[in-house]
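Down below is the structure, laid out as structure tokens.
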Amino acid sequence: MALLVQKFGGSSVADAEKITNVARRVVASAPGNQLVVVVSAMGKTTDGLLALARQISATPDPREMDMLLSTGEQVTIALLAMALQSLGLKARSFTGPQVGMRTDHSHTQARITQIDADRVRRALDAGEIAVVAGFQGLSDQEEITTLGRGGSDLTAVALAAALKADVCEIYTDVDGVYTADPNIVPDARKLARVAYDEMLELASLGAKVLQTRSVEFAKKYGVTVHVRSTFRPDPGTLVTKEEHGMEQAVVTGVTHDRSQAKISILRVPDRPGIAARVFGAISAKNIVVDMIVQNISQDGYTDMSFTLPRGDHARAVAELGDVAREIGARGIAHDERVAKVSIVGVGMRSHSGVASTMFAALAREGINIQMISTSEIAVSCVIEDKYAELAVRTLHDAFDVARGVTR
Ligand code: ADP
Ligand code: ASP
Ligand code: MG
């Protein structure tokens, strides 16, 4: 008998009819298998709860925020358990705390520290389907926490690891991981398999089909993840360790992230301690910086630029005004609307000229590159936000990603 963890995302459980459909899908996998079903909040419920909190307070208390956000998933588990029961199956719903999902206490971004899955095991042994609320846990101070946006993916992967499940199936509104977001690039191609490291880069550079931390967890514990469609039966994409015979393309995928902003500090004196002062002030506000670029100084001065989440832009600008004065910089310039486009592929390790092909393709479309960063298997460019989708399509064509040209 196999043990499967199945996770259904928000759009798959958006209304009562969709929840009933999910229940039918679960019923179809029930014979001969033990099932743990992890669900997200219905539709855009989490966005709605966040907006509601902002109407009450500009700076909501993180503990209360988690208390609020965790309600979304609790609705879905009860409804899905009822739907399964009315189809004649034994099912029982569980919150994160009830399944022993222990976390640290960083509210809204908590990290899993331990899972005590006894309660789920007992339910499975009693022949029940365990329906588990994604995205939530309990801190060592017995407080409810949430695992960051998209965190139901992490709940599913972590339970799969703890229960030594045979596979973790992520059911969503697309039928797999594509070479680019299929909602933007019509000729994007579904990948049959993708290596953990590539999926990690794709996810962290903007492909929200899997939460980045869930991929880290899957890699660490060797969980095979199968991303597939809630609405269609065909097999999706397997996320596994790198193997011979996998995709041989130089560029496996193109991603974009439109949630970025850019800040530059102008004419910063070029002396030790300045970067530490600037980024110390930013990190004291719990703002996570992404790309950082500093030019070589000309006459004892340099410009320093970095990107950060758009939602943190206003706070960072407010904080840096004083810092800029204090360190003797000329001032700050900022752009609230930039995007990052990236190409990803393990083939880049053994290939030269990839970055220059990328820059040339963007130049042909008249897209200016503001910042560049590279890793072993990715190249990213910061550009004006309005060109994000054009840039993704252009790069997808330039590297012939739809055909999967081989190394
Ligand atoms: P869920 O609600 O099921 O968690 P998400 O909205 O989080 O679903 O993730 C699925 C979405 O991810 C798709 O609708 C698609 O627009 C987007 N996406 C972005 N990049 C990719 C990609 N490379 N392959 C597949 N989907 C992608
Ligand atoms: N409901 C949460 C979110 O929207 C978690 C998830 O859907 O994975 O981020
Ligand atoms: Mg998601």
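The values are calculated or read from the model by the stated rules, or taken from the named source; none is laboratory data. Since the model is a prediction, treat every value here as computed from it, not as a measurement. Heads up, the Cβs are rebuilt from the backbone with ideal geometry, glycines too, and the neighbour counts pull from every protein chain shown. Just so you know, the surface numbers come from the protein's heavy atoms only, side chains and all, with ligands and any DNA or RNA stripped out. Shrake-Rupley method; radii C 1.70, N 1.55, O 1.52, S 1.80 Å.
Please determine whether any residue of the stretch 363-383 is assigned to a helix (DSSP H, G or I) and open to solvent by less than 10 Å² (accessible area, probe 1.4 Å).
No, the stretch 363-383 contains no residue that is assigned to a helix (DSSP H, G or I) and open to solvent by less than 10 Å² (accessible area, probe 1.4 Å).
When the residues of the stretch 196-210 are filtered to those that are small (Gly, Ala, Ser) and either in a helix (DSSP H, G or I) or out of contact with any strand residue (DSSP E or B) (no Cβ under 7 Å at 6 or more places or on another chain) (or both), the one that is surrounded by the fewest Cβ atoms within 10 Å (Cβ to Cβ) is 204. Part of a loop (DSSP other than H, G, I, E, B), within 16 Å of ligand 1 (Cβ to nearest atom) and not basic (Lys, Arg): does that describe residue 127? In short, no.
A single member of 24, 54, 102 is more than 28 Å from residue 175 (Cβ to Cβ) and at pLDDT 95 or above, and it is 102.
Selection of the stretch 152-182 for residues being more than 16 Å from ligand 2 (Cβ to nearest atom), hydroxyl-bearing (Ser, Thr, Tyr) and open to solvent by less than 30 Å² (accessible area, probe 1.4 Å) yields only 179.
Under the condition of being within 20 Å of residue 101 (Cβ to Cβ) and either touching a Pro at 6+ places or on another chain (Cβ under 9 Å) or assigned to a loop (DSSP other than H, G, I, E, B) (or both), the residues counted in the stretch 160-177 number 3.
Quick grid of which residues meet (1) open to solvent by 80 Å² or more (accessible area, probe 1.4 Å); (2) within 12 Å of ligand 2 (Cβ to nearest atom):
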residue	(1), (2)
54	yes, no
57	no, no
69	no, yes
80	no, no
84	no, no
89	no, no
103	no, no
120	no, no
